[in-house]
Structures are given as C-alpha cells and as structure tokens.
Amino acid sequence: MESNIRIKVLIIDDHELLRSGIKVILRRANVIDVVGEASTGKAGLALAQELEPDVIVLDVKLPDTNGIDIAREIYQRWPKMRVLVISADLLKYVIDQAASAGAHGVMLKESVYSELVEAVLAINSNKRYFCSRVKEIIAIDWAGKMQSDKPANASILNTRELEIVKLLSEGKSIREIAVLVNRSPKTVDANRRLVMKKLNIESIPGLVKFAISEGLTSVE
C-alpha cells in the first residue's frame, strides 16, 4: 500500500556532492524514493524515459546543455513529469525561462537544504513552488510593473477565462486543462492566448503573478 503513494525522484546535476546532499535530504521523507541520478542532460533524459519519475530535480547549468532546454524537452515529451529547477544564481530571467519551459518550481541551491522536501511534495501535488528568495524576486518584479504599467483587472475576464488563468497558474498543462473544462487543447490554447492579450501579459510567469495578485491562486 505504501508503495502506491511514494514519490519517485530523479536528480540531474553535475556536482556529485550536491547530488549526495539532495539524496540524503529526500530520503529523510518516508514518501520519497530517489530512483536515479545523472550528471548530464543527455543521461538525464535517458533515465527519465527509463525510470518514469514523478519529480525531476534539475540543475540549470549542465556540462553538455542548458538545464532550461532539458526542462522544456521533458515537458514536451512527458507532460505529467514535474520538474524542479535549481540554480546557483538568483536571476529573474532564469525564473522566467524555467517557468516558461514548463518547470513547476524554481529554487536556489542555497535553499535546497531547508526547502527541498517541501518543494518536491508541492509540485508532485500539481502546485507551483518557488523558494523564499525566488518569491522575493517575483514580488519585487511585480511591484515594479504595478508602478510602471496600468494594472490589469480580473473583472475584464469571463468565468471560463478566470478558470483557465487559475489552472495555468497552478501548473496544469494545456492538455490537463482541456480535460478539466471539457474543451479541446486547441480551444484552451486559443483561450490562453486571448487572455494573455487582454491582460497584456507575455509569459506564463507573468500570468502566475497576475493570478496571485488577484487572489485567484497562491504560491505554496
């Protein structure tokens, strides 16, 4: 019975010491199994196909490729797998690129030891997770936009559009949303594009910020 609820985690990071630390932390949680580890993007993709993990802990910087590109490929090939991107640098473009690539969470390496288990549990439950430092950057960026741009208002969206914003901000894929709202993926994607045009928002991270500010969702 216990095996049915365990979370399978794959680690993709080229630093052996960090991989070892991550394994120690995750194994303290009695619902998590570290099923594999890889030091390159290519090896990580091969293990993802072989092991079918629930959550992938993925470093941004890999010796053979960019971790963001790996996150994007994982999302395209296996949309049910959840990716937690970790980065040594607190850079806004990394946060935006990771979320746009389909990652469900972003955290700094310095936060791994205190927030990793919480992050894995959250994104395995289809929630988005940003560590406390990353949330600070999101808040600062959103505050700046509120001051420089005319803020959008949820009142301009209809009920279906609000539902799509909420589901997208919670990390649901277009295909998952299509099932939930009983529409085709093509229709849902068209609705997404219309919503983003109405709100003058250019990225999924921007949509997440809007949803949080309007109380449509919250960041765990």
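The values are calculated or read from the model by the stated rules, or taken from the named source; none is laboratory data. As the structure is a prediction and not an experimental result, all values here were calculated from the model. Here the Cβ positions follow ideal geometry from the backbone for every residue, glycine too, while neighbour counts run over all protein chains shown.
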Query raised in the report: Quick check: is even one residue across segment 66-75 surrounded by fewer than 16 Cβ atoms within 10 Å (Cβ to Cβ) and farther than 22 Å from Arg128 by Cβ?
Result: no
Report task. For Glu202, state whether it is in contact (Cβ under 8 Å) with a residue 40 or more places away in the chain and among the acidic types (Asp, Glu). Result -> no
Report summary line: When (1) within 21 Å of Glu170 (Cα to Cα); (2) of a type in the set (Val, Ile, Thr); (3) without any contact (Cβ under 8 Å) to a residue 40 or more places away in the chain are applied to Val55, the one that fails is (3)
Query raised in the report: From the residues in segment 31-52 that are within 15 Å of Leu116 (Cβ to Cβ) and not hydrophobic (A, V, I, L, M, F, W, C), which one is surrounded by the fewest Cβ atoms within 10 Å (Cβ to Cβ)?
Result: Asp33
Query - Options Leu167, Leu116: the member that is assigned by TED's automatic domain parsing to the domain that holds Lys92, in contact with a helix residue (DSSP H, G or I) (Cβ under 9 Å, 6 or more places away or on another chain) and modelled with pLDDT of 85 or more - result: Leu116
Query raised in the report: Would it be correct to say that Arg6 is touching a strand residue (DSSP E or B) at 6+ places or on another chain (Cβ under 7 Å), surrounded by fewer than 18 Cβ atoms within 10 Å (Cβ to Cβ) and without any contact (Cβ under 8 Å) to a residue 12 or more places away in the chain?
Result: no
